[in-house]
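Below: the structure, in structure tokens.
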Amino acid sequence: MASGNQQNPNKPINERILSVLQKSNHLNHLKQLQSFLITTGNSQIQFIAFKLVRFCIITLSNIDYARHIFNDLRSPNVYLYTAMITAYTSQSDHKSTLLLYRDMVRSARTRPSEFIYPHVLKSCFDKTYGVECVHDHIVKSGFGGYSIVQTSLVDAYLKSGSPDLVVARSLFDEMTERNVFSWTAMISGYARLGQIGNAISLFEKMPERDVPSWNSVIAGCTQNGLFTEAISFFKQMVSLDYEYRPNQITVVCILSACGNLGMLQLGRWIHGYIYRNCIIPSPFLLNALVDMYGKCGSLRIARRVFDQTSAKNLTTWNSMINCLALHGQSETAIAVFEEMMNYGGSVRPDEVTFIGLLNACTHGGLVEQGRKYFKLMTEDYKMEPQIQHYGCIIDLLGRAGQFEEAMEVIKEMRMAPDEVVWGSLLNGCKVYRRMDLAEFAVKKLIEINPDNPGYGVMLANVYGDVGNWDQVGKVRKKLKEMGVTKTPGCSWIEIDSQVQQFYSADKTHPRTEEIYKMLEVIVGFS
């Protein structure tokens, strides 16, 4: 071994091996070193084997060869098992993680440590070797009281294939020493499973917070549609000076909330905040900016951010296409799609791309192009249409008065039509006064959601449009007996980075008196 010949033979073997590894960067170097160790009878030394495995994983990124070294050991210790299991977990190779852990437990030669369980638990998605099984091992091995293991168990029960909130919360409550990680794991689990009220309640009880814990509650609010609450938490976080500085995850979540609420003023402030605080604008963040500006109607700035993004990925293209489609810029949305197709072979349209394209065709009344893109998706790209695609194509055909074709598409659907599909058909029927189909569509809507009062009102309106007042009376009488009231309309406006909401006939706004006085003034000038 060339590099080995230059080493001082009087040095301890461990030092000599470490010295060689520091100068190595190729698999052939490692193989030469192995040969030297085998011929000198040192290949089974645990410390040296551990260093070889770590070198193979970290420097060479070659997990397969690391496993080859591991397999040649007669009795690998816990550090070697931990190194291999950590490597598999980092590559999301959950099967290999669990199989190696199972071999470790069955061999009984090496006892697990508390540091091995967090990695094993991350791989517990399979019911055949799930969280419960590893939990039993933890209890039997005496590591159930370790904070790092308890936190990992809480997280695993919340992320497993069958999440168990009850067990997770019980473990959390029984923890002798809760740290910020365990609190954040529990909050994130509640939010991910839709129990955002519990997530917020737990967050507000936290004795200590860090940026990930703030992100967990902000992301949870955003993912569950509580955009105003997400912004409120963000403002609290920023108000704490530099104790908790928002990072990329924070601003991406808030940009999403701004886009959904149409809060352009706050969105611009956050854009400035990104640059003032030197937050590196990754593709993930740039996509969020394009989406926010687009949803807020600032298409010029959305396009500027889009054009300045050098490494455009599929999400970037989809954000731009969908924003343009949303605001009726049909031809431009299609032009961006064509530009994407010529961008390079690495970007290939997906289901989201075609939703944007079909929406663009719908808003622009481009029936032929809509048919073309639906065919392109299903025949050329072999994508199975989802309910959203059917909703778009039915809307497109309904707006064009192509009801026979629309009904054929509905009949050919491989899933039951939802409220969006029947609602899209209904809108077209009302425009073209196809009251027979309109009545049919409304009755289907009522079948799907009989508790929605709006559908009963729609049915009464359909009968009224054709002069069938007897049926109008019957429907309205039934609605009255059921105590049904129509959901009031709502509008909102952003003023000084605050969203002001107004409901029909609502007088609960704190400045109601001023608003009504101003309305009287406006009416007086009309």
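FYI, it's all coordinate maths here, none of it is from the lab. Only a predicted model underlies this, so the values are computations on that prediction, with no experimental measurement involved. Here Cβ is always computed from backbone atoms with ideal geometry, including for glycine, and neighbour counts include all displayed protein chains.
Over segment 190-344, Cα pairs under 8 Å with separation of 6+ residues give a relative contact order of 15 percent.
The charge dipole of the chain, taken about the Cα centre with unit charges on the Cβ atoms of Lys, Arg (+1) and Asp, Glu (-1), comes to about 1220 debye, rounded to the nearest 20. Seen from all sides and averaged, what is the projected area of the convex hull of the Cα atoms in segment 190-293, in nm²? Projected area, direction-averaged: 6.1 nm².
The ellipsoid equivalent to the alpha-carbon distribution of segment 106-237 has semi-axes of 30, 15, 11 angstrom, derived from the gyration tensor eigenvalues as √(5λ) and listed largest first. Assuming charge only on the beta carbon of Lys and Arg (+1) and of Asp and Glu (-1), the dipole of segment 350-447 about its Cα centre is about 280 debye to the nearest 20.
Cross-link pairs exceeding 32 Å in C-alpha to C-alpha distance, out of Lys31/Lys140; Lys95/Lys295; Lys312/Lys430; Lys122/Lys375; Lys430/Lys474; Lys382/Lys411, comprise Lys31/Lys140; Lys95/Lys295; Lys312/Lys430; Lys122/Lys375.
What do you get for the angle between helix 314-326 and the principal long axis of the chain? Use alpha-carbon atoms, 0 to 90 degrees, nearest ten. Helix 314-326 sits roughly 10 degrees off the main axis of the chain.
Using θ = phi - 60° and the Karplus relation 6.51 cos²θ - 1.76 cosθ + 1.60, list the HN-Hα couplings for segment 84-92 in order, rounded to whole Hz, with x at every Gly or Pro. Calculated HN-Hα couplings, in order: 5, 5, 4, 5, 4, 5, 5, 9, 6 Hz.
Farthest toward the positive end of the dipole of the chain, out of Ile69, Tyr373, Met320, is the Cα of Ile69, where the dipole comes from beta carbon charges about the Cα centre. Given (1) 0.97; (2) 1.11; (3) 1.07 as candidate values of Rg/Rh (Cα atoms, Kirkwood Rh), which corresponds to the one derived from the coordinates? The listed entry that was calculated here is (3).
In order along segment 132-143, the Karplus-derived 3J(HN,Hα) couplings, from 6.51 cos²θ - 1.76 cosθ + 1.60 at θ = phi - 60°, round to 4, 5, 5, 4, 4, 4, 4, 4, 5, 7, x, 9 Hz, and Gly and Pro are given as x. Temperature 10 °C, viscosity 1.306 mPa s: under these conditions the Stokes-Einstein estimate for segment 339-417, based on its Kirkwood radius over C-alpha pairs, is 123 µm² per second.
Taking every alpha-carbon pair under 8 Å whose residues sit at least 6 apart, the chain reaches a relative contact order of 5 percent. Within the shell defined by Cβ-Cβ distances under 12 Å, the residues around Leu437 carry a net charge of +2, with Lys and Arg each +1 and Asp and Glu each -1. Centre-to-centre, using Cα atoms only, segment 34-110 and segment 245-288 are separated by 43 Å.
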